[in-house]
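Below is one structure; the comments refer to it alone.
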Amino acid sequence: MFKALVLEQQDNRTLSSIQQLDESQLPEGNVTVKVDYSSLNYKDGLAITGKGKIVRNFPMVPGIDLVGEVLESADERYQAGDKVVLTGWGVGEGHWGGMAEKARLNADWLVPLAEGLSKENAMMIGTAGLTGMLCVQALLDAGIAPDRGPVLVTGASGGVGSVAVTLLAKLGFEVAALTGRVEENGPLLEALGAKQIIAREVFEEPARALEKQIWAGVVDTVGSKVLAKALAQVDYDGAVAACGLAGGFDLPTTVMPFILRGVKLLGVDSVMCPFEKRQQAWAKLVELLPASYYEQACRTVALEDVAECAEAITKGQVTGRVMIKL
Ligand SMILES: NC(=O)c1ccc[n+]([C@@H]2O[C@H](COP(=O)([O-])OP(=O)(O)OC[C@H]3O[C@@H](n4cnc5c(N)ncnc54)[C@H](OP(=O)(O)O)[C@@H]3O)[C@@H](O)[C@H]2O)c1
C-alpha cells in the first residue's frame, strides 16, 4: 500500500482526499518509481481545486512533477536505484502523477537526476524552474545579452518568475521585476537580484500600439494586458519569451511591435520539451541557480497541506516554490 492524494469528481466538483492505494492500482508504464518529492505548480493548483479543466480522467493522482528512485524498470535505460526526475508529459493530468509515494511511468518521460543536483533541489526547481530556464535560454538564443539593456520578468514572485529573475541576474542582466505584491515581495525579489521593482497596476492600463522602448527582453508568465504592454515597450529587435497565463490567456495587442520594431514573440513550452533540451536546461540550472535561491524562495510542505496551498496558488498568493515531501 502507498499514500496518495486522489482527485475525484462529484456533481462536477473536484474533491481531493488522501488515500491508501494498492500498487496494483497504478496505471500502465514500464518504470515504477518511489517518489521522494513532488512540487506545486500553477497547473497543479488548477487541477486540485478544479478551477481549470486540467484533469482528463478521474480518479487522478495530481502532480506534474516528481523526483525519486527507480524501484523496477522494464526499460534498459533505467535500473533499480537510479535517481530520476519527471516534469510534464501530461502526468498529473491524464496519467497519475507525483503526489503519491509511488508512480508508474513511461521511461521516455524521465530524465536522470542531473549531476550535482540533490533530489530536494530538483523539486524546488520543478516544472516552474525548468520553464524559467527555457525562457531565459530562448532570450539568449535570440541574441539578447546583458549589454543590450534591461530585461523584465512578469509575475516575478511566482515559481517561474522568481527563477527567471535569479537566473537573469546571475547571467549579468539588469533585471526589473513586475509584481502585484511590491511591499510583500519587493525585498525578496531584490535579494534574488532584481534592480527594479515595478507594480503590476502600471502594466494594467491598456497598452498603446507602441510605447517608449525600455526592455531588451522579457520573460512573461502572465499573458493578457501585461504581455501586451510589455510587447509595446520592447526595444528594436528585442524578444519576449511567453510561457504563462496567470493574468489571462488573451492577448490584446497589435502587430506594430512586430512589424515596426522587429520584436520577436517566443513561445515556451516545458511539457513536451524534447529530452536533449531538457537535459541541457537541467545542467544549466545546476550551474546557474545559486544556493541562495533555494534558501530564500522555497519551502517544503506535507501532502496534508497541499489542498490549502493549491487554493492559494490559484489566487496568486504563493511566493517562490513549494515542494511536497512524500
Ligand atoms: N508553458 C509552460 O510550459 C509552462 C510551465 C510552467 C508554468 N506555466 C505557466 O506560467 C504561469 C506561472 O506559473 P507558476 O507555476 O510560476 O505560477 P505561480 O507561482 O502562481 O506564479 C504566477 C505569478 O503571476 C502573478 N499573478 C498571479 N495572478 C495574476 C493576475 N491575475 N494578473 C497578473 N499577475 C498575476 C503572481 O506574481 P506577482 O504576485 O509577483 O505579481 C504569481 O505569483 C502559469 O500561467 C503557468 O500555467 C507554463
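The values are calculated or read from the model by the stated rules, or taken from the named source; none is laboratory data. Just so it is clear, the structure is predicted and the values come from calculations on it, not from any experiment. Glycine gets a Cβ as well: all are built from the backbone with ideal geometry, and neighbour counts include every protein chain shown. Calculation scope for accessible area: heavy atoms of the full protein, side chains included, ligands and nucleic acids excluded. Shrake-Rupley method; radii C 1.70, N 1.55, O 1.52, S 1.80 Å.
Things to note:
- Cα-only Debye scattering, the chain: base-10 log of I(q)/I(0) at q = 0.10 Å⁻¹: -0.55
- Packing-based order for 140-152, 263-275, 235-247, using average beta carbon neighbours within 10 Å, highest first: 235-247, 140-152, 263-275
- Using a cutoff of 8 angstrom between alpha carbon atoms and counting only pairs six or more residues apart, the relative contact order for the range 127-267 works out to 23 percent.
- Taking amide H as placed 1.01 Å from N in the peptide plane, the amide H of Lys102 sits under 5 Å from that of Val35, each at least 5 places away or on another chain.
- Looking at the chain, the DSSP beta bridges with both ends there are about 55 percent antiparallel.
- Derived scalar couplings ³J(HN,Hα) [the range 36-49; Karplus, 6.51 cos²θ - 1.76 cosθ + 1.60; whole Hz; x for Gly, Pro]: 8, 9, 10, 8, 10, 10, 3, 5, 4, x, 5, 5, 6, 7
- Neighbours of Gln233, meaning other residues whose beta-carbon lies under 9 angstrom from its beta-carbon, give a summed charge of 0 when Lys and Arg score +1 and Asp and Glu score -1.
- Surface exposure of the range 127-267, expressed per residue as accessible area with a 1.4 Å probe, stands at 39 Å².
- The range 146-172-the range 243-278 distance, computed between alpha-carbon centres (Å): 16 Å
- The GNM of the chain, with springs linking C-alpha atoms under 10 angstrom apart, assigns the highest mean-square fluctuation among Ser162, Ser39, Ser224 to Ser224.
- Charge context of Ala100, other residues only, Cβ under 14 angstrom, K/R +1, D/E -1: -2
- Qualifying GluC sites (Glu not before Pro) in the range 83-182, DSSP loop, other Cβ atoms within 10 Å at most 14: Glu115
- Listed residues Lys212, Lys229, Lys43, Lys315 arranged by accessible area, highest first, probe 1.4 Å: Lys212, Lys315, Lys43, Lys229
- Between the amide H of Thr300 and those of Met323, distances stay under 5 Å, these residues lying 5 or more places away or on another chain, with hydrogens modeled in the peptide plane.
- Largest to smallest accessible area among Thr300, Thr179, Thr14 [probe 1.4 Å]: Thr300, Thr14, Thr179
- Shape category assigned to the range 1-148 from the gyration tensor of Cα positions, a/c cut at 1.5: oblate
- In order through the range 13-23: 3J(HN,Hα) via Karplus (6.51 cos²θ - 1.76 cosθ + 1.60), integer Hz, x for Gly, Pro: 10, 8, 10, 10, 8, 8, 10, 9, 10, 9, 4
- Shape class for the range 78-185: prolate, because the ratio a/c of the largest to smallest gyration tensor axis (alpha-carbon atoms, square roots of eigenvalues) is 1.5 or more and a/b beats b/c.
- For the range 136-145, 3J(HN,Hα) per residue [Karplus equation, 6.51 cos²θ - 1.76 cosθ + 1.60, θ = phi - 60°, Hz, x = Gly/Pro]: 4, 4, 4, 5, 4, 5, 8, x, 7, 10
- For the range 127-267, the convex hull spanned by the alpha carbon atoms encloses 89 Å³ per residue.
- The chain: most fluctuating residue of Val160, Val70, Val136 per GNM, C-alpha cutoff 10 Å: Val70
- The amide H of Asp235, built 1.01 Å from its N in the peptide plane, has Ile214, Trp215, Ala216 as neighbours under 5 Å, considering only residues 5 or more places off or on other chains.
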